[in-house]
Amino acid sequence: MKTSVSIVIPTFNRFDLVQELLETLKPEEENIDHVIVMDDCSNDTQELQTNIPFFVAYTPRRSGFTLSSNYGLKLATATFAEPKVVFLISNDVRFHGKFIQQAIDIRMGAKRALGGNRHITFDSGWNTFGGKTFDYLEGFFLAATSDGWRDLGFFDENYAPHDFEDVDLSTTAKSKGYKLVSLNNPNIVHMGAQTIGYNPERETIT
């Protein structure tokens with residue numbers, strides 16, 4: 001049976017970044033069943049162009065990355081049939097080659113797995129608390145089966161609006177016996193901080 005693939009892209013305003021991301025997904029068009037663009041109450045949008053089936057969904061209020069990601073993941077994992085792999089991809093990720101089959105192979109190799117592209121095992125400045133360093137998969141690119149996302153409970157909403165939700169999710173996954181698996185795919189590039197940026201407000205929240 002073919003594995004269905006859904007992609008969730010949360011965004012606030014930066015539809016230009018989403019369009020660029022969709023263009024880099026062209027080599028994977030035939031492997032993607034649909035894309036959900038999760039619009040977090042943007043006030044600046046543009047029409048998207050792609051051959052990949054997609055729809056735009058909307059958060060009920062401005063929510064930030066953590067909650068808007070959850071809205072999209074819940075749609076993706078509740079609406080469509082199994083077997084399925086659901087990717088959460090930040091709007092500032094760019095692909096320079098294929099990645100989907102690699103992620104599906106990981107799922108087949110480890111049924112209870114949370115996939116990402118970079119597995120941080122050292123003190124990155126974000127993941128050491130009380131002298132303990134927590135390893136984690138960076139949240140710009142994550143993948144799990146539909147039932148895996150539901151079992152993990154998505155992102156903990158206490159981390160809204162953003163930051164540290166990926167450290168927490170990885171820690172939860174490990175506590176439930178999931179394997180953290182990194183693709184380490186050089187064709188997956190994260191530009192970083194393109195929507196929110198590292199501004200004083202974000203530093204205060206962090």
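A few points about this structure:
- Breaking point among (1) closer than 18 Å to Ile9 by Cβ; (2) open to solvent by 30 Å² or more (accessible area, probe 1.4 Å), for Leu73: (2)
- Considered as a group, the residues in the range 147-162 that are under 30 Å from Lys2 (Cβ atoms) and of a type in the set (Phe, Trp, Tyr) include one that is surrounded by the fewest Cβ atoms within 10 Å (Cβ to Cβ), and that residue is Phe154.
- Matching residues, the range 115-146, being open to solvent by 40 Å² or more (accessible area, probe 1.4 Å) and touching a helix residue (DSSP H, G or I) at 6+ places or on another chain (Cβ under 8 Å): Trp126, Phe134
- Set side by side, the residues Asp33, Asp123 differ, and just one is without any contact (Cβ under 8 Å) to a residue 12 or more places away in the chain and of a type outside the set (S, T, N, Q), which is Asp123.
The values are calculated or read from the model by the stated rules, or taken from the named source; none is laboratory data. The structure displayed is predicted, hence computed values, not measured ones. Cβ: placed from backbone, ideal geometry, glycine included. Neighbour counts: every protein chain shown. Just so you know, the surface numbers come from the protein's heavy atoms only, side chains and all, with ligands and any DNA or RNA stripped out. Shrake-Rupley method; radii C 1.70, N 1.55, O 1.52, S 1.80 Å.
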